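> For reference, the structure I am asking about is given below.
The values are calculated or read from the model by the stated rules, or taken from the named source; none is laboratory data. The structure presented is a predicted model; accordingly, all values stated were derived computationally and were not measured. Here the Cβ positions follow ideal geometry from the backbone for every residue, glycine too, while neighbour counts run over all protein chains shown. When the accessible area is computed, the model is the full protein with side chains, heavy atoms only, and any ligands, DNA or RNA have been set aside. Shrake-Rupley method; radii C 1.70, N 1.55, O 1.52, S 1.80 Å.
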Amino acid sequence: MDFTLLFSFNELTVAIAVILLILLVSRSLQRPANIPPGPSGYPIIGCMPLLRNANPLDVFRKLRAQYGDVFSLKIGQKLTVVINGSDALKEAFVKRADEFSDRPGSFISERLFQNKGIGASSGEYWKQTRTYSISILRNLGFGKRSLESRVQEEVTAYLDIIEKQDGRPYDVKEVTVLAISNIICSITFGNRFEFSDTKFKRLTSLFAENFRLNTVGGAIRSFPGLRHLPGDMFSIKKMIKNVEDIKAFVGEQILEHRNTFEEENERDFIDAFLSEQKKHDKEDPIFDDMNLTAIVINLFIAGTDTTATMIRWAIVYLIYNKDIQDKLRQEIETVVGTSRLPSLADKSSMPYYEAFITEVFRMGNIAPLSVPHGAKKDITFRGMVIPKGSVIIPNLNSVMEDPVLFENPDKFRPERFLGDDGQLNGKEKTVMAFSLGRRVCLGESLARMELFLYMTSLLQRFEILPESPDKFPSLEANFGLGRACKDYKCRVIKLK
Ligand code: HEM
């Protein structure tokens, strides 16, 4: 063997590796010309240390004060552009919707769903999938009175479980998630589950776990290659396994629906989709099983922990504000009485409830950074360039805490949305809890309906108190994919 050759080959390898490393480091330190201003960060990891163990909302508030309404930072290798304030948000996501409505793509959606479904897809594929899904959901009564009885059935089961606790300190988290998840089950699978059903409990806990593990600056978004490391320090393997299990569950449901499908008796979302599938070419990618699986999972992910967390924030604010609780109950008694459950038809006569829930949306603020958008090509915005491939974050929180729009924004005050006549004053429209533009939450009408029926029925039957006179829930939040309240117990006392 020619050792000289081996030696020089090794030297050459080292030299190439060093050059590549230098190129990589210098490339990751470069900020392309004319991109939105922002901190420079470190080689390879970018500004990840800024976000690690920090509240991203505090970090973004400081960066906005320093760099303005549109700033950028590298999270790992990804350039992330954050858009702040009502004007810039509307300019980008409403006026320039053609350019600002794509998703950045993620490792999980690419690898496990071929970027299909509603939530992660982009371009024409997303438009068609979203339009078809909305039309199927409308036919199923989404946000309309025809869905009301299904939600009321679930509300009744929910209240019964709570009543059984007999006013003892109780954490409503699990039962709330199950009750809200059951509504999505009714819509997609055509049936609800008993709260004690172990398969159902497991399904909801898998979703909840991924909601918690998936964070804004999370490792999987920036370095999907980390999944190859031994162990699972960043919980990436856990998240992938959870999604695989959820896919298997949905796959079983689709198979069962296909086996029992009757053309003239569409039972639910899956049936309606299968019926459309039959009308289209077998190769049509919009109507394949992968898209159906991804849409169903999107509806669960987007439609369960969001609404359930909002209910839990609403309860937190009721515990802190006994006077507000009394006013709400007074309105319910006047409009609904006590002999029947509240119904959607009552909603327009209940401005105090509307003001209350809007204030919960603003301060509960469960999706403060919305869901990331992405630039599919270079975008010139306010004289700066957002390069192709950037992640774009709509900072909805910057509106929720805007002292110009909301005086003393840290104070929970539903009255800020009411005029002297006790009616809504129009300010409620400035609260962007469901985001804005073409990608605005597809489940807004369902979420509003659920919150109304759950919260008013709860208040009609119970008084809600802290766990003990000196043990109130925390007002601090946990950050995962959203902003969730910390676990707490409360006492829910049946009214005489
Ligand atoms: C209080 C409850 C809820 C809140 C605060 C909320 C908020 C949001 C937000 C901020 C987005 C991101 C919009 C964007 O990309 O800019 C979103 C997207 C979405 N939401 Fe909701 N949501 C809630 C409940 C629901 C429900 C009940 C469903 C359906 C069953 C749902 C389905 C969706 C879907 C499918 C998307 C993705 C839309 C798309 O990418 O085109 N959401 N939601």
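> Can you tell me which condition ASN115 does not meet? The list is (1) closer than 16 Å to ALA294 by Cα; (2) within 16 Å of the ligand (Cβ to nearest atom); (3) of a type outside the set (Ser, Thr, Tyr); (4) touching a residue at least 40 places away in the same chain (Cβ under 8 Å), and all the others hold.
(4)
> Determine, yes or no, whether GLY422 is out of contact with any strand residue (DSSP E or B) (no Cβ under 6 Å at 6 or more places or on another chain), without any contact (Cβ under 8 Å) to a residue 60 or more places away in the chain and more than 15 Å from the ligand (Cβ to nearest atom).
Details: out of contact with any strand residue (DSSP E or B) (no Cβ under 6 Å at 6 or more places or on another chain): yes; without any contact (Cβ under 8 Å) to a residue 60 or more places away in the chain: no; more than 15 Å from the ligand (Cβ to nearest atom): yes.
Judged against the criteria, GLY422 is not a match.
> Consider the range 49-91. How many of its residues are touching a Phe, Trp or Tyr at 6+ places or on another chain (Cβ under 8 Å), over 14 Å from PRO394 (Cα atoms) and buried (at least 16 other Cβ atoms within 10 Å of the Cβ)?
2
> Identify, from the list SER339, SER348, the residue that is over 28 Å from ASP305 (Cα atoms) and open to solvent by 30 Å² or more (accessible area, probe 1.4 Å).
Values: SER348 fails: over 28 Å from ASP305 (Cα atoms).
So the residue among SER339, SER348 that is over 28 Å from ASP305 (Cα atoms) and open to solvent by 30 Å² or more (accessible area, probe 1.4 Å) is SER339.
> Criterion first (modelled with pLDDT under 90, among the hydrophobic types (A, V, I, L, M, F, W, C), over 24 Å from ASN55 (Cβ atoms) and surrounded by 14 or more Cβ atoms within 10 Å (Cβ to Cβ)) does ILE220 satisfy it?
On the way: modelled with pLDDT under 90: yes; among the hydrophobic types (A, V, I, L, M, F, W, C): yes; over 24 Å from ASN55 (Cβ atoms): no; surrounded by 14 or more Cβ atoms within 10 Å (Cβ to Cβ): yes.
No, not satisfied.
> Let me ask something else about it. Of the conditions (1) within 22 Å of GLY141 (Cα to Cα); (2) at pLDDT below 95; (3) away from the ligand (no atom under 16 Å from the Cβ), PHE249 fails just one. Which one is it?
The single condition PHE249 does not satisfy is (1).
> Then there is this: If you go through the range 454-476, how many residues are surrounded by fewer than 20 Cβ atoms within 10 Å (Cβ to Cβ), in a loop (DSSP other than H, G, I, E, B) and over 20 Å from the mean Cα position of the chain (by Cα)?
Looking only at that region, the number is 5.
> If you check SER349 against the conditions, is it free of Cβ contacts under 8 Å to residues at least 40 places away in the same chain and either more than 27 Å from the chain's Cα centre (by Cα) or closer than 13 Å to SER457 by Cβ (or both)? It would help to see each step written out before you state the result.
On the way: free of Cβ contacts under 8 Å to residues at least 40 places away in the same chain: yes; either more than 27 Å from the chain's Cα centre (by Cα) or closer than 13 Å to SER457 by Cβ (or both): yes.
Against the criterion (free of Cβ contacts under 8 Å to residues at least 40 places away in the same chain and either more than 27 Å from the chain's Cα centre (by Cα) or closer than 13 Å to SER457 by Cβ (or both)), SER349 qualifies.
> Now for a different question. Would you tally the residues in the range 273-285 being modelled with pLDDT under 95 and either hydrophobic (A, V, I, L, M, F, W, C) or not in a helix (DSSP H, G or I) (or both)?
Result for the range 273-285: 5.
> If you go through the range 148-177, how many residues are closer than 22 Å to TYR488 by Cβ, free of Cβ contacts under 8 Å to residues at least 40 places away in the same chain and in contact with a helix residue (DSSP H, G or I) (Cβ under 6 Å, 6 or more places away or on another chain)?
Residues flagged as closer than 22 Å to TYR488 by Cβ, free of Cβ contacts under 8 Å to residues at least 40 places away in the same chain and in contact with a helix residue (DSSP H, G or I) (Cβ under 6 Å, 6 or more places away or on another chain) within the range 148-177 amount to 2.
Residue-by-condition table, conditions (1) out of contact with any Asp or Glu (no Cβ under 7 Å at 6 or more places or on another chain); (2) surrounded by 15 or more Cβ atoms within 10 Å (Cβ to Cβ); (3) outside any loop (DSSP other than H, G, I, E, B):
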{"site": "ASN115", "(1), (2), (3)": "yes, yes, no"}
{"site": "GLY119", "(1), (2), (3)": "yes, yes, no"}
{"site": "ASP160", "(1), (2), (3)": "yes, no, yes"}
{"site": "GLU163", "(1), (2), (3)": "yes, no, yes"}
{"site": "THR176", "(1), (2), (3)": "yes, yes, yes"}
{"site": "ASN182", "(1), (2), (3)": "no, yes, yes"}
{"site": "ILE187", "(1), (2), (3)": "no, yes, yes"}
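> Criterion first (more than 8 Å from the ligand (Cβ to nearest atom) and open to solvent by 20 Å² or more (accessible area, probe 1.4 Å)) does GLU401 satisfy it? Walk me through how you get there before you give the answer.
Details: more than 8 Å from the ligand (Cβ to nearest atom): yes; open to solvent by 20 Å² or more (accessible area, probe 1.4 Å): yes.
Considered against the rule, which asks whether it is more than 8 Å from the ligand (Cβ to nearest atom) and open to solvent by 20 Å² or more (accessible area, probe 1.4 Å), GLU401 comes out as yes.
> Of all residues being assigned to a strand (DSSP E or B) and of a type outside the set (D, E, K, R) in the range 477-496, which is farthest from ILE161 (Cα to Cα)? Just the residue, please.
Pass one, the range 477-496, residues assigned to a strand (DSSP E or B): 477-479, 483-485, 490-494.
Narrowing further to those that are of a type outside the set (D, E, K, R): 477-479, 484-485, 490, 492-493.
On the way: ALA477: 26, ASN478: 26, PHE479: 29, ALA484: 23, CYS485: 21, CYS490: 14, VAL492: 11, ILE493: 13 Å.
In this case the residue turns out to be PHE479.
> Kindly list the number of the only condition in (1) touching a residue at least 12 places away in the same chain (Cβ under 8 Å); (2) within 30 Å of LEU458 (Cα to Cα) that fails for LYS322.
(1)
> If we scan the range 427-440, do we find a residue that is at pLDDT 95 or above and more than 16 Å from the ligand (Cβ to nearest atom)?
In the first step, residues of the range 427-440 are kept if they are at pLDDT 95 or above; the result is 427-440.
Now drop any that are not more than 16 Å from the ligand (Cβ to nearest atom), which leaves 427.
Among the residues of the range 427-440, at least one is at pLDDT 95 or above and more than 16 Å from the ligand (Cβ to nearest atom), which makes the answer yes.
> If you don't mind, there's one more thing I want to ask. If GLU359 satisfies all but one of (1) open to solvent by 10 Å² or more (accessible area, probe 1.4 Å); (2) within 14 Å of ILE311 (Cα to Cα), what's the number of the condition it fails?
(1)
> Please determine whether any residue of the range 368-389 is touching a Leu at 6+ places or on another chain (Cβ under 9 Å), of a type in the set (Val, Ile, Thr) and more than 12 Å from the ligand (Cβ to nearest atom).
yes
> Open to solvent by 10 Å² or more (accessible area, probe 1.4 Å), within 16 Å of the ligand (Cβ to nearest atom) and within 25 Å of PHE434 (Cβ to Cβ) - does that describe any residue in the range 313-328?
Yes: the range 313-328 contains one or more residues that are open to solvent by 10 Å² or more (accessible area, probe 1.4 Å), within 16 Å of the ligand (Cβ to nearest atom) and within 25 Å of PHE434 (Cβ to Cβ).
> Only residues that are open to solvent by 80 Å² or more (accessible area, probe 1.4 Å) and among the polar types (S, T, N, Q): list them for the range 259-281, please.
Restricting attention to the range 259-281, the residues satisfying the condition of being open to solvent by 80 Å² or more (accessible area, probe 1.4 Å) are 259, 262-264, 266-267, 278-279, 281.
Matches in the range 259-281: ASN259 only.
> Being within 10 Å of the ligand (Cβ to nearest atom), crowded, with 16+ Cβ neighbours inside 10 Å, at pLDDT 95 or above and under 25 Å from ARG340 (Cα atoms) is the requirement here; does ARG448 meet it? Talk me through it step by step, then tell me what you get.
Values: within 10 Å of the ligand (Cβ to nearest atom): yes; crowded, with 16+ Cβ neighbours inside 10 Å: yes; at pLDDT 95 or above: yes; under 25 Å from ARG340 (Cα atoms): yes.
The answer is yes for ARG448.
> Pairs please, first residue from the range 264-292 and within 16 Å of TYR125 (Cα to Cα), second anywhere and open to solvent by less than 50 Å² (accessible area, probe 1.4 Å) and of a type in the set (D, E, K, R), Cβ atoms under 7 Å, 6+ apart in sequence or on different chains.
Going by the 7 Å Cβ cut-off, the qualifying pairs are PHE287/GLU276; MET290/LYS116; ASN291/LYS116.
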